[in-house]
Amino acid sequence: MFGGVGVYANGLFFALIDDDVLYLKGDEDLRPEFEAAGSQIFDPFGDGRTLNYWTAPAEALDDPEVLLEWSRKSLEVAAKKASKKR
């Protein structure tokens, strides 16, 4: 799809790595938190057609506990989306 790496937990796709950047799955509820943390939305082709994945906040890359917290939020988004598909 994008030439990156997909990250799964419990069978759910909740993050990806593209060009050595970690992106976490988001939704409209989580968007304000990503924006407040200075994260950027994933624009795989640089043409404005974005996907709802956000750069991991800088503080999360320096602190495993913070990364775990953000990862759990993204995993919740993935679980919510998967339950709507069923």
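The values are calculated or read from the model by the stated rules, or taken from the named source; none is laboratory data. Computed from a predicted model, the values in this text were never measured in an experiment. We place every Cβ from the backbone using ideal geometry, glycine too, and count neighbours over all the protein chains shown.
Which ranges mark the helices (runs of 4 or more DSSP H) fully within the chain that have 2 or more residues being buried (at least 17 other Cβ atoms within 10 Å of the Cβ)? Walk me through it before giving the result.
Details: elements: 31-36, 58-62, 64-85.
Ranges flagged: 64-85.
Could you please tell me which pairs satisfy a Cβ distance under 6 Å, a separation of 6+ or placement on different chains, a first residue in region 1-21 that is closer than 12 Å to A56 by Cβ and touching a residue at least 60 places away in the same chain (Cβ under 8 Å), and a second residue that is part of a strand (DSSP E or B) and not acidic (D, E)?
Note: pairs meeting the criteria are F14/K25.
So, in region 23-52, of the ones that are among the aliphatic types (A, V, I, L, M) and within 19 Å of K81 (Cβ to Cβ), which residue ends up modelled with the lowest pLDDT?
The selected residue is L51.
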